[in-house]
Amino acid sequence: MSEIYLRNMTSIYLMCGKKMLLLYRIGSRVVKDSYTGTAGGHFEAFELNNPKACALRELFEETGLTEKNIYDMSLRYITLRRKGNEIRQNYYYFANINNGIEISSNEGNLEWVDFDKLLDLEMPHSSKAVIKHYFEIGKDTNYLYCGIADKNDVYFKALEDFI
């Protein structure tokens, strides 16, 4: 087996009312042109033990928004996926934003999407599974879920806190 590398990434999904703000990301090295979270990206070395710091930095870099512009931010999902010689770990945050804030992105086109239309969009494999699980199960719990991806599905389990 060849050397395995880790690719650590975060995504943050902003919601307002019954809509989610998604980014149609264009020209990414990691995902083909498709819808992703509002903002997200790779960890910097100083963020390796703090995915929230990465998510907030990416949110600011890509949209100009800060933690003061959002509320109820929480880490809800961590997924693992193998692609070639990489294990991709993605930390998914969900948060709310007040209506009426002007938002644009330097990474692609932002679009408010009705919750019931989300799964009709082209998204990366793990992202679509997270969105599906969140609206079917996760939004009604306070659990942090872990997901292991294979080519057909992502299998979720609540991450328990125990001794």
Does Ser126 count as in contact (Cβ under 8 Å) with a residue 40 or more places away in the chain and touching a helix residue (DSSP H, G or I) at 6+ places or on another chain (Cβ under 8 Å)?
-> no
Any chance you could count how many residues in region 126-143 are more than 21 Å from Glu58 (Cα to Cα) and surrounded by 13 or more Cβ atoms within 10 Å (Cβ to Cβ)?
-> 8
Just for region 49-64: of the residues that are outside any helix (DSSP H, G or I) and either within 16 Å of the chain's Cα centre (by Cα) or among the polar types (S, T, N, Q) (or both), which one is farthest from Ile131 (Cα to Cα)?
-> Asn49
Filtered residues of region 1-21 (kept if in a strand (DSSP E or B), closer than 24 Å to Phe115 by Cβ and not small (Gly, Ala, Ser)) = Met9, Thr10, Ile12, Tyr13, Leu14, Met15, Cys16, Lys19, Met20, Leu21
Do you know which of the residues in region 7-41 that are farther than 23 Å from Ile101 by Cα and modelled with pLDDT of 95 or more is farthest from the chain's Cα centre (by Cα)?
-> Asn8
What single numbered condition from (1) polar (S, T, N, Q); (2) surrounded by fewer than 18 Cβ atoms within 10 Å (Cβ to Cβ); (3) within 25 Å of Gly100 (Cα to Cα) fails to hold for Asn49?
-> (3)
How many residues of region 89-134 are of a type in the set (Val, Ile, Thr) and touching a strand residue (DSSP E or B) at 6+ places or on another chain (Cβ under 7 Å)? The answer is 4
Taking region 92-113, which residues are in a loop (DSSP other than H, G, I, E, B) and not acidic (Asp, Glu)?
-> Asn98, Asn99, Gly100, Ile101, Ile103, Ser104, Ser105, Asn106
Enumeration of residues in region 95-108 that are touching a residue at least 24 places away in the same chain (Cβ under 8 Å) and either more than 14 Å from the chain's Cα centre (by Cα) or farther than 17 Å from Gly41 by Cβ (or both) | Asn96, Ile97, Asn98, Asn99, Ile101, Ile103, Ser104, Ser105, Asn106, Glu107, Gly108
Counting just the residues of region 65-91 that are closer than 19 Å to Ser105 by Cα and in a loop (DSSP other than H, G, I, E, B), which one comes out least open to solvent (accessible area, probe 1.4 Å)?
-> Leu65
State whether the residues of region 109-119 include one that is of a type in the set (S, T, N, Q) and modelled with pLDDT under 95.
-> yes
Residues of region 144-163 satisfying the condition of being among the aromatic types (Phe, Trp, Tyr) and touching a residue at least 40 places away in the same chain (Cβ under 8 Å) = Tyr145, Phe156
Please specify each residue of region 92-125 satisfying the condition of being β-branched (Val, Ile, Thr) and open to solvent by 40 Å² or more (accessible area, probe 1.4 Å).
-> Ile101
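The values are calculated or read from the model by the stated rules, or taken from the named source; none is laboratory data. Quick caveat: nothing in here was measured; it's all calculated off a predicted structure. A quick note on method: Cβ atoms are made from the backbone with ideal geometry, for glycine too, and the neighbour counts reach across all protein chains shown. Ligands, DNA and RNA are stripped out before the accessible areas are found, and what is left, the full protein with its side chains, is counted by its heavy atoms. Shrake-Rupley method; radii C 1.70, N 1.55, O 1.52, S 1.80 Å.
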